[in-house]
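Below is one structure, written out as structure tokens, with a few remarks after it.
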2 protein chains.
Amino acid sequence: MTDKPLFGTVAFIGIGLIGSSLARVIRRDGLANRIVACARSDATLEKAMELGLADHVTKDLQEAASGADLIVLCTPIGTCGAIAETIAPVLKPGQIVTDVGSVKQAVIAAVLPHMPEGVAFVPGHPVAGTENSGPESGFDTLFEGRRFIMTPPDGSDEEAVEKVAELWRRAGSTVDRMSAEHHDWVLALTSHLPTLIAFNIVGTVDDLESSTKQEVIKYSASGFRDMTRLAAQDPDMWRDVFLNNREAMLEMLQRFSEDLSRLQRAIRWGEADALEDLIRRSRDIRRNVIDAGQA
Amino acid sequence: MTDKPLFGTVAFIGIGLIGSSLARVIRRDGLANRIVACARSDATLEKAMELGLADHVTKDLQEAASGADLIVLCTPIGTCGAIAETIAPVLKPGQIVTDVGSVKQAVIAAVLPHMPEGVAFVPGHPVAGTENSGPESGFDTLFEGRRFIMTPPDGSDEEAVEKVAELWRRAGSTVDRMSAEHHDWVLALTSHLPTLIAFNIVGTVDDLESSTKQEVIKYSASGFRDMTRLAAQDPDMWRDVFLNNREAMLEMLQRFSEDLSRLQRAIRWGEADALEDLIRRSRDIRRNVIDAGQA
């Protein structure tokens, strides 16, 4: 595209899978005049330069944030509060800060209080990803056909919200808007709980003696393999997701455990009808997922 | 191939995904002179004839089994005992009965006592499948590159065991041999537990009020989708698997629940290290699965 750029300078704080994919979109479509990348490790920054993802790289948060029209936080959720606090002194009215975290209430609570007057914080979550991480794992079609959920608090700067929405539309996503609380509840079910369960089942296998473990891996094609794929994602990111979506996770885990106890009882007492009923209901849900174009 | 057929007549009791896929292999490579299919429903039998999977179809178990060199039980595990009892009076020495069930101890206990002197029962399990069922869902490459696990009891007719093994090798599978007890334990972990967990999590979502449920489906791309795929399999088959691998399932569920309680506690009390440790271990297992060529 040869449209006028949406932004002068975009600064990425963190340039892993999500950040580097968005940087690729910005490069491809000329959506910004200049990209700055900030990360903690030299290796990441060198890789970002080598891949042509940034015009300038730095380990200094304030240097990255200074003068950027849009600052995109792409680090694990638990770091967002401290980053916001660090960059706050250099922020000026008119700048926009956004994020890509999978939990929204905790990020808003951590970041918003640090935002100076006139600086907009637009919390967002691109519902997309792969099991890979790092700047080399990104690609410019990661967000195509996916959802970008925005959860701007009441009284947000609507012009800033619209600019961030437009960026994600250009990346190919459908933009949805909802409350942060609702987002965290829905994502707990669709993403956080399934991923935790996958980690847990893989962990259960890891506790086996090594000869059995090798066999489980050998025969993993029938179900376990799908669990390991879900369980292969970035550790820092997921640790923070689980800890920061605490209330919804605890509620969902409680429901899940109750349901699983009922199944365990059905197996112990040979209750065929209870098992069959559950399995048939699951099939219906699967059909709904297919009908919704998500399969 | 134009080799001499392995069998004169092969009779399939049940002609769904697994049975029809094996029938396709037999047809493709000319591994039998004649295929007989037996099922309970007219629609299934008509479909099998229409697809050219059988030379003769019947709803009568004894008619199907009479004179067949190989009888393949491809019905839900829970039906195998009654089928064996029904066909026993027409079986003659030299005939081979085999099965494809995902649980082996229960099938052996149900079938073996009915086998007349001189009739070999060769229990087997092709570790392969899709979420689809019925004769139209089969395909002749389903077993290629997969494992076929045989669990013949001590004192089995080794010639019969080898003939069944050869059939599955021709289907493209690697043939492994182990005790039925060991099979049931390994499969509980690699297949039965992950599938039960998937059913359970999908069931937990199904209990939500319908507006939330619709949203969960809308955002299912991030984890939940993979669970619904695992949970979309044949209800009758899985009901029987869970009920018939009772001991291993209860043991695995117990371990899984203990581990999940530990995670729940880590989330409640903000124990970042415990979560991170689990996530990192899961990643290592995923790497092992990839290294084993199962991903």
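The values are calculated or read from the model by the stated rules, or taken from the named source; none is laboratory data. Small disclaimer: the values here were computed from a predicted structure and weren't measured. In this analysis, Cβ positions are derived from the backbone assuming ideal geometry, glycine residues included, and neighbour counts consider all displayed protein chains.
Within the range B:21-41, is even one residue loosely packed, with under 15 Cβ neighbours inside 10 Å, assigned to a strand (DSSP E or B), in contact with a strand residue (DSSP E or B) (Cβ under 6 Å, 6 or more places away or on another chain) and free of Cβ contacts under 8 Å to residues at least 40 places away in the same chain? Lay out the reasoning, then the answer.
If we filter the range B:21-41 for residues that are loosely packed, with under 15 Cβ neighbours inside 10 Å, which is where we start, we get B:28, B:30, B:33, B:40-41.
Next, from what is left, pick out any that are assigned to a strand (DSSP E or B): B:33.
Within this subset, residues satisfying the condition of being in contact with a strand residue (DSSP E or B) (Cβ under 6 Å, 6 or more places away or on another chain) are B:33.
Subsequent filtering for residues that are free of Cβ contacts under 8 Å to residues at least 40 places away in the same chain retains B:33.
The answer is yes, given that some residue of the range B:21-41 is loosely packed, with under 15 Cβ neighbours inside 10 Å, assigned to a strand (DSSP E or B), in contact with a strand residue (DSSP E or B) (Cβ under 6 Å, 6 or more places away or on another chain) and free of Cβ contacts under 8 Å to residues at least 40 places away in the same chain.
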Per-region count, the range B:54-92, residues among the hydrophobic types (A, V, I, L, M, F, W, C) and either assigned to a helix (DSSP H, G or I) or exposed (fewer than 15 other Cβ atoms within 10 Å of the Cβ) (or both): 11
Residue list for the range B:93-107, restricted to those being touching a residue at least 40 places away in the same chain (Cβ under 8 Å) and outside any loop (DSSP other than H, G, I, E, B): B:Ile96, B:Thr98, B:Gln105, B:Ala106, B:Val107
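Just checking, which of B:Ala180, B:Ala165, B:Ala198, B:Ala188 is within 30 Å of B:Lys4 (Cα to Cα), crowded, with 19+ Cβ neighbours inside 10 Å and not polar (S, T, N, Q)? Let's see the steps before the verdict.
Details: B:Ala180 fails: within 30 Å of B:Lys4 (Cα to Cα); B:Ala198 fails: within 30 Å of B:Lys4 (Cα to Cα); B:Ala188 fails: within 30 Å of B:Lys4 (Cα to Cα).
Of B:Ala180, B:Ala165, B:Ala198, B:Ala188, the one residue that is within 30 Å of B:Lys4 (Cα to Cα), crowded, with 19+ Cβ neighbours inside 10 Å and not polar (S, T, N, Q) is B:Ala165.
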Qualifying residue in the range A:136-145 (condition: exposed (fewer than 14 other Cβ atoms within 10 Å of the Cβ) and modelled with pLDDT under 95): yes
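Find the residue count for the range A:87-135, including only residues that are among the acidic types (Asp, Glu) and at pLDDT 95 or above.
Of all residues in the range A:87-135, those among the acidic types (Asp, Glu) come to A:99, A:117, A:131.
Next, from what is left, pick out any that are at pLDDT 95 or above: A:99, A:117.
Here the count works out to 2.
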Residue in the range A:238-295 that is surrounded by the fewest Cβ atoms within 10 Å (Cβ to Cβ), counting only those that are over 25 Å from A:Arg146 (Cα atoms) and of a type in the set (Asp, Glu): A:Asp273
Residue within the range A:120-132 that is free of Cβ contacts under 8 Å to residues at least 40 places away in the same chain, surrounded by 20 or more Cβ atoms within 10 Å (Cβ to Cβ) and over 24 Å from A:Arg27 (Cβ atoms) present: yes
Among (1) surrounded by fewer than 17 Cβ atoms within 10 Å (Cβ to Cβ); (2) outside the structural domain of A:Val97 (by TED's automatic domain parsing); (3) acidic (Asp, Glu), the one test that A:Asp154 misses: (2)
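Go through A:Cys74, A:Cys38 for me and flag whichever is touching a helix residue (DSSP H, G or I) at 6+ places or on another chain (Cβ under 6 Å) and under 20 Å from A:Ala128 (Cβ atoms).
Details: A:Cys38 fails: under 20 Å from A:Ala128 (Cβ atoms).
When all the criteria are applied, what remains is A:Cys74.
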Helices (runs of 4 or more DSSP H) completely within the range A:184-295 that count 3 or more residues being among the charged types (D, E, K, R), within 7 Å of another protein chain (Cβ to nearest Cβ) and more than 30 Å from B:Ala292 (Cβ to Cβ): A:246-268, A:272-291
Selected residue [closer than 25 Å to A:Pro5 by Cβ, touching a His at 6+ places or on another chain (Cβ under 7 Å) and assigned by TED's automatic domain parsing to the domain that holds A:Leu22] from A:Val100, A:Val57: A:Val100
Residues (modelled with pLDDT under 95 and of a type in the set (Asp, Glu)) located in the range B:1-54: B:Asp3
Conditions (1) at pLDDT 95 or above; (2) touching a Pro at 6+ places or on another chain (Cβ under 9 Å); number of the one not met by A:Asp240: (1)
